[in-house]
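Since the structure comes first, as structure tokens, the remarks are kept for the end.
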Amino acid sequence: MDVFRCIHVLIALALLLFTPIISNEASANANSTGGCIPSERSALISFKSGLLDPGNLLSSWEGDDCCQWNGVWCNNETGHIVELNLPGGSCNILPPWVPLEPGLGGSIGPSLLGLKQLEHLDLSCNNFSGTLPEFLGSLHNLRSLDLSWSTFVGTVPPQLGNLSNLRYFSLGSNDNSSLYSTDVSWLSRLSSLEHLDMSLVNLSAVVDWVSVVNKLPSLRFLRLFGCQLSSTVDSVPNNNLTSLETLDLSLNNFNKRIAPNWFWDLTSLKLLDISDSGFYGPFPNEIGNMTSIVDIDLSGNNLVGMIPFNLKNLCNLEKFNVAGTNINGNITEIFNRLPRCSWNKLQVLFLPDCNLTGSLPTTLEPLSNLSMLELGNNNITGPIPLWIGELSNLTMLGLSSNNLDGVIHEGHLSGLESLDLLILSDNNHIAIKVNSTWVPPFKQITDIELRSCQLGPKFPTWLRYLTDVYNLDISNTSISDKVPDWFWKAASSVTHLNMRNNQIAGALPSTLEYMRTIVMDLSSNKFSGPIPKLPVSLTSLDFSKNNLSGPLPSDIGASALVSLVLYGNSLSGSIPSYLCKMQSLELLDISRNKITGPISDCAIDSSSANYTCTNIINISLRKNNLSGQFPSFFKNCKNLVFLDLAENQFSGTLPAWIGEKLPSLVFLRLRSNSFSGHIPIELTSLAGLQYLDLAHNNFSGCIPNSLAKFHRMTLEQDKEDRFSGAIRHGIGINDNDMVNYIENISVVTKGQERLYTGEIVYMVNIDLSSNNLTGEIPEEIISLVALTNLNLSWNSLSGQIPEKIGSLSQLESLDLSHNVLSGGIPSSIASLTYLSHMNLSYNNLSGRIPAGNQLDILEDPASMYVGNIDLCGHPLPNNCSINGDTKIERDDLVNMSFHFSMIIGFMVGLLLVFYFMLFSRRWRNTCFVFVDGLYDRTYVQVAVTCRRLWRRN
């Protein structure tokens, strides 16, 4: 034993002596290349070679010391790389107008396996291609792995379950279809996991996910947002999730009652988010058991009734969000049920779209830490109480779309020093009246939305102090004043400016181009003078319905414009050629102005990137003084859906290339011009055409027989189609900020011109009236069963009205007047049950007028048939009698003759029988013998049958 002990002592001494030497050699080896291990540096270089780096995130990856490279962290003692943090910028939470920084792209190569001591890997928010690499499951020392929002596709490899040391795992996808998993049982092997985020990974095929998650006893954070989960359970036996503090199951498809559910047993939860997940039923009393809860979000579910009384148990509550639920109760009662023990902790109270009623409490103990109060889109009435002004920490106040009234003065606003968002829009009876010298305390505010409140008549002077606002909406606020000079400087930082529907006057400043505005709506005011050069950042502009004059600017400045709406002004001059270079332009409406001259063809070169209109969807140039041929500029507008050139002075023939070059066209309106020639048959190749108006031109020849090719007119209309998108082309940040130019669309139907709004998308129209068309109405027109308006009046059409015109079952307006049509009015016309206007006057029609159904209730029925002297019947005074001067329709005569012949034949036959019976004894005897014999046989048969039945009983 002593010998062995001596040997052990000698070995220990040897280790003590040689350890510094070994350590120094290892250190020298590590530092000989500048501080990192050569093999690991080579692995990084190889990894970099497979990547795309448009943002130069890896520009520092040069030299020998890889431990100094951006995103690389080494262990100070061993020199091994232990962290690789290379998140991109593609998922930063930034305002929508701030461009995202490009992240890394390409593919992740297996060279990462050379980093054997790697503990933390963050490749989130990048733009990688391909599937998630399986080899990552071999990095066994990993404790943290973040691959979220990096555009991976395909299935999640189960090899990731081999990372037994993993504590942090984030795999959030960019959408819920590209990355998916049908089996998550491999997760149960990650027994040390504390943080799990698989947001937007498609888990729709996974059923038992709750039992798998329950096998992770160390889990503190679980986020399965938007995973298309549809199954959950009421309870979990042997609950292991006693450490779980954060649970996010929002945006799923559970479609079950909100209680019972397994998560109500997790009393350690501090955050519970089950918003927009298809839960229904009353607000559960189980909420009162969540005594640790800090943040709860139940919004977007079909919950009904008042919040429970036992909410008073939630003494740690800081954030409470039940937006979009149907509380259907009094707002004062809501405040009474909030937990008093957390009154000074509550920071966020979100109750919009909850059908709340009543008035805000007049007095209330201050919620001293409240930072966000959102009560918008309810039915709250009464004035805004003064205690609102005592919420000194409030950053957001949202009371829009209620029925609030009264006056807001300095007392409501002077205490809101931290206010960042003030949203009071659509409370028509609120008036904001403050002293002209008042200086608002919230100078850092960024969002002011006061639409439809009363600010006027003077322009609000307190806006001059708010120089950091990016969204300003003072539309429809009764301002009838000139814009003060200071406003344009104060608003230079505003990105979304809406001042429409006021009486604001004055000229637009020459300094407009220096503003940072992205969306600008000054429509329906009294601005005058020329349009100056626009801000370079501008994408959407609406100056419609003002008093602007002069030509369009020679340099518009805003080359990235998407929407340009200028209708209803007095602009003159010609259309500048720079519009051809605006490649982002989708909407152009300069109708109802005084623009003259032809439209430049822009020297179109289909191979040139500088001259193109391929993105444009909607063009309206109606009611100007434009002239020349049909613009060849449109040849490249392959995505054009809506084209209105009506009420101009265009001339010449309609080119045949329309059918080929404008394949997306749905709305074509060329009325009130001087176009001539035949209607090109190629026009009928526009299968998607829904609205065709060529009225009041000089077209001649026949109506093309191939009308059935208008496929869209033969089908029921889809309410959500591209035509709807072309009409409702928005430029704002919400529905109320949309360019409402649909009010500029006029339609001639039912005998009058009307301005149409959204319902235009459901109108299926053919109007060829007031031309020189000849020939017959094509029989093929009856296949256009979706037609709602057909107007062929004031032409020289001949022949008969198609017999099956009643097949046009959706027809609301029919005008065939002032032609030379002949023959009768088809009886099928009475089956048009939606018909509210018809005019067949001044033709050569004859015969009886059909009656019944909708025809009997049309207004002024006599005028519909005037000028057809051979028509008869109601509602005309001419009776359709045989002896009169009027004629009877051929069908009626045939039917009458047939019935009269039948009656005569029956009477003659009956008289013959009576004659023979009366004057012939042999006929009488024969008849009586036959009758007697028939009686005897019948009597015997009945008697025998009755006897048999009697015996059986």
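Read the figures in this text as sums done on the coordinates, not as results from a lab. All values derive from a computational prediction rather than experimental measurement. Here the Cβ positions follow ideal geometry from the backbone for every residue, glycine too, while neighbour counts run over all protein chains shown.
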Checklist line | Extension gain from Ser191 to Val207, taking 0.36 nm per residue of separation minus the Cα-Cα distance | finding: 3.7 nm
Note to self: At 0.36 nm per residue, and after removing the present C-alpha to C-alpha distance, how many nm does the segment from Ser632 to His678 gain when stretched out fully?
What the structure shows: 14.7 nm
Next item on the list: Evaluate E = 1/(1 + (r/R0)^6) for Asp183 and Ser537, where r is the Cβ-Cβ distance and R0 equals 51 Å; express this FRET efficiency to the nearest 0.05.
Entry: 0.55
Notebook entry, point to check: How about Lys270: which lysines have a C-alpha closer than 20 Å to its C-alpha, ignoring those fewer than 8 places off in the same chain?
Noted result: Lys312, Lys319, Lys345
Item checked: Inter-probe distance in nm under a simple model that places probes 7 Å from Cα toward Cβ, at Asn310 and Asn344 -> 2.8
Next item on the list: Please work out how much length the chain gains when fully extended from Ser863 to Glu660, using 0.36 nm per residue of separation minus the C-alpha to C-alpha distance, in nm with one decimal.
Entry: 68.8 nm
Next item on the list: Search the structure for amide H atoms under 5 Å from the amide H of Asp405, placed 1.01 Å from N in the peptide plane, and list their residues when 5 or more places away or on another chain.
Entry: Gly382, Ile384
Next item on the list: Tell me the label-point distance for the pair Lys215, Ser392, using the 7 Å Cα-to-Cβ offset, in nm and rounded to one decimal.
Entry: 5.5
